[in-house]
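Derivation of every value follows stated rules applied to the coordinates shown; laboratory data play no part. Here the structure is a predicted model, which means the values were calculated and not measured. Cβ placement follows ideal geometry from the backbone for every residue including glycine, while neighbour counts extend to all protein chains displayed.
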Amino acid sequence: MYQNKIEGAAQIIKSGGLVAFPTETVYGLGANALNPFAVAKIFEMKERPTFDPLIVHVANFDDLHILTENPSEDIFALAKKFWPGPLTIVLPKSKLVPDIVTSGLQTVGIRMPHNDIALQLIEKSGCPIAAPSANKFGKLSPVNAKHVKKQLPNVDYILDDGDTAVGIESTIISIEENVCKMLRPGIITAEDIQNALPDNFIFSNE
């Protein structure tokens, strides 16, 4: 039965609609990350300023080749230590990523959620999914479907998977050449990142 719901939600993503879906952190409001018109609906529904970039969710490590410019083996090695999981990695974006996703920045934040429903939705949609938290801008991030319905009653579809496991947004780091910076703390700590970095990387917590 739930497979049918995921299939239906994937069709909505393919057609340019919005789907609220669970991750291990919070519920996300998702659209086809490669469709700028669909992504624009996210900003409109959330009442989110367009200068605030979105995180792109993937289900396959090979998507790093699609979304970023020449990711190194070190990047793949680091990602595989934490993905699927609550770590977003900000990297130089490829030309395939619409500017609206990154708010005009030349970098894009990417993560692979640790939630089977989220991963199946991404796979069946056949595209990476741009998804900030499924709430009005500035409000508390939703950790269950009831919270989503209360804030975003007009969303096209909600995949309900009960309460999320972590309940706080992902840790965010950026990597430029061999410099790694902590941009937002989360359940994955600075120490966790430092311990996982290749020896030739420099870590900055500023």
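Here the gap between Asp192 and Lys5, fully extended at 0.36 nm per residue and compared with their Cα-Cα distance, gives a gain of 63.7 nm. Exceedance of the 18 Å cut-off in Cα-Cα distance is limited, within the set Lys136/Lys181; Lys46/Lys150; Lys5/Lys139, to Lys136/Lys181; Lys5/Lys139. Could you calculate the contour length gain from Ile168 to Lys139, that is, 0.36 nm times the residue separation minus the distance between their Cα atoms, to one decimal place in nm? Once the chain is fully extended between Ile168 and Lys139, it gains 9.1 nm. Summed over qualifying helices (DSSP H, 4 residues or more, each -39500 (n - 2.57)) and divided by its residue number, the chain shows a 222 nm mean residue ellipticity of -9000 deg cm²/dmol. Taking chymotrypsin sites (Phe, Trp or Tyr not before Pro) in DSSP loop states with no more than 15 other Cβ atoms inside 10 Å as exposed sites, the chain has its longest site-free stretch at 62-136. Remark on the range 49-152: Rg and Dmax equal 14.1, 43 Å (Cα only).
Each Lys or Arg adds one and each Asp or Glu takes one away; over the other residues whose Cβ falls under 12 Å from the Cβ of Glu169, this sums to +1. Put simply, the amide H of Thr107, placed in the peptide plane, has neighbours under 5 Å in Lys93, leaving out anything fewer than 5 places away on its chain. The GluC sites (Glu not before Pro) of the range 1-102 meeting both criteria, a DSSP state outside H, G, I, E and B (loop) and at most 15 other C-beta atoms within 10 angstrom of the site's C-beta, are Glu47, Glu69.
For the range 106-152, the equivalent ellipsoid derived from the alpha-carbon gyration tensor has semi-axes of 21, 16, 9 Å in decreasing order. Remark: C-alpha extents of the range 1-118 on the principal axes read 39, 32, 22 Å, sorted largest to smallest. Bridges between two residues of the range 80-206, per DSSP, are antiparallel at a rate of about 55%. The reciprocal of the average 1/r between distinct C-alpha atoms defines the Kirkwood hydrodynamic radius, which for the range 101-206 equals 16.2 Å.
Lys and Arg at +1, Asp and Glu at -1: add these up for the other residues within a Cβ distance under 10 Å of Lys146 and post the number. Overall, the nearby charge balance is 0. Given a Förster distance of 30 Å, report the FRET efficiency between Glu123 and Glu69 from their Cβ-Cβ distance, rounded to the nearest 0.05. About 0.80, to the nearest 0.05.
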